[in-house]
1. Per DSSP H run of n ≥ 4, the term is -39500 (n - 2.57); total these for the chain, divide by its residue number, and report the mean residue ellipticity at 222 nm rounded to 500 deg cm²/dmol.
2. Could you provide, to the nearest whole Å², the per residue accessible area of the chain with probe 1.4 Å?
3. In the chain, with Lys and Arg counted as +1 and Asp and Glu as -1 at Cβ, which of these residues, G100, P136, H212, has the Cα nearest the positive end of the dipole, that is, farthest along it?
4. Could you order E340, E394 by accessible surface area, starting with the largest, using a probe radius of 1.4 Å?
5. Once the piece of chain linking S122 and K174 is laid out straight, how much longer is it, given 0.36 nm per residue of separation minus the C-alpha distance between them?
6. Given springs between every Cα pair under 10 Å in a Gaussian network model of the chain, which of Q16, Q301, Q328 has the largest fluctuation?
7. Helix 316-326 against the longest principal axis of the chain: what's the angle in degrees, Cα atoms only, rounded to the nearest 10?
8. At q = 0.27, 0.28 Å⁻¹, what base-10 log of I(q)/I(0) does the Debye formula yield for segment 331-374 when every alpha carbon is treated as an equal point scatterer in vacuo?
Amino acid sequence: MKKNSGFNTKLVHGGQQPDVLMSVNPPIYQSSTFSFKNADHGAACFAGESDGYIYSRLGNPTVRVLEDAVAALENGAGGIACASGMGAVTTVYLAYLSQGAHIVSTDAVYGASRSVLEKHFSRFGVEASFVDTSQPEQIEAAIRPNTKLLYVETPANPTITITDIALCADIAHKHGLRLVVDNTFCSPYLQKPLDLGADIVLHSITKFINGHADVVGGVIVAKTEADHKLLYNVMTSMGPNMDPHQAFLVIRGLKTLSIRMERAQENAMKIAAWLESHPKVAWVRYPGLKSHPQYDLAQKQQSGAGAMISFGLKGGLKAGKVLMDNVQLAALAVSLGGVETLIQHPASMTHSKVSSEAKLKAGISDDLVRYSVGIEDVEDLIEDLDHALSCITE
Ligand code: LCS
């Protein structure tokens, strides 16, 4: 594959090296360790003077295919695959947040990305401020002399609030901070944070990149070789490394990212518009709707509106529960970004560990229902929602 190949060519062929047996797909190197040609070769591998593999926590050829593929899609210097999205998030926190350091983060981040800071990193003297990063003045006001990272999730989970990445890069760099973007909701198909000025991008690979609800995983891509080296060192020292079999499945899922994303967001646009005109629906948050507060920014920053919708019903949480209990095609389950449609209630599920006060401030209201649109026939999904909404009697 040429370096300047198109996005879809990178999806199908990215990271793959010619195989000795000419296999079309990368082999699964299910081996914890690799032998050295001789003692000097072993020493050279450990000294970084030879790029031979040593031990699978420190690097594995199947995992490397995925790391190189995602790095090429995000236009970064290198990728670091992790056992989970939270493995990727905490690797980034650990790499840049030492005792006494401070991070400014989006208030509506994924629940665990927030609670790991509040409950665990705080034990080591790390401070965190959570603000609405779609409002640059809130970011500026939160930055302190000890701030090291500006961490942005856009679109945010679950409010679908959109933050201006290029603007955040300017703010971060003016204050000597690194800008980290969680790009899980868009995937590199719809948004490329490094091109917009971010220093580090990460994903819960569990979601759109893998796309088949059969793997938990994460990936980090750094813009510079130096950041890549530091992050790789932290990850391999701590050990949240991805398993080769896990990587093989993600490589398979990745190949169809564009066509899955296109189909899911085409469905999502129709469903969001349908929901917005339904008499029992109070509000809908979807970047493809003109009613989205950052509609213009979404048009500029993303090449599509994505497949995540949040909405609230006029009957509040009580009505939302009836809806969730009566869908038959959509699964009532957390996670997102797969070929199958999922529905969940963030306040009591994915964000249940976030305090009520913090949820309220971040706009994670009790009535918010999150809908991850899959690639089923849209008529069937609308019929399913229509039936579930008709079960709400009050
Ligand atoms: N970042 C975002 C934006 C996420 O949505 C998640 C998981 C993570 C990071 C962590 O990734 P994981 O370790 O789970 O692979 N989000 C979930 C959700 O909304 N429902 O279940 C998991």
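The values are calculated or read from the model by the stated rules, or taken from the named source; none is laboratory data. The shown structure was predicted, so the numbers you read here are calculated from the model rather than taken from an experiment. Because the Cβ atoms are built from the backbone with ideal geometry, glycine has one as well, and the counts that use them run over all protein chains shown. Ligands, DNA and RNA are stripped out before the accessible areas are found, and what is left, the full protein with its side chains, is counted by its heavy atoms. Shrake-Rupley method; radii C 1.70, N 1.55, O 1.52, S 1.80 Å.
1. Only helices count here, giving -11000 deg cm²/dmol.
2. Dividing the accessible area of the chain by its residue count gives 42 Å².
3. G100
4. Values: E340 55, E394 165 Å².
The ordering from most to least exposed comes out as E394, E340.
5. Numbers: separation 52, 0.36 × 52 = 18.72 nm, distance 2.61 nm.
Answer, rounded to one decimal: 16.1 nm.
6. Q328
7. 70
8. Log10 of I(q)/I(0), two decimals: -0.88, -0.92.
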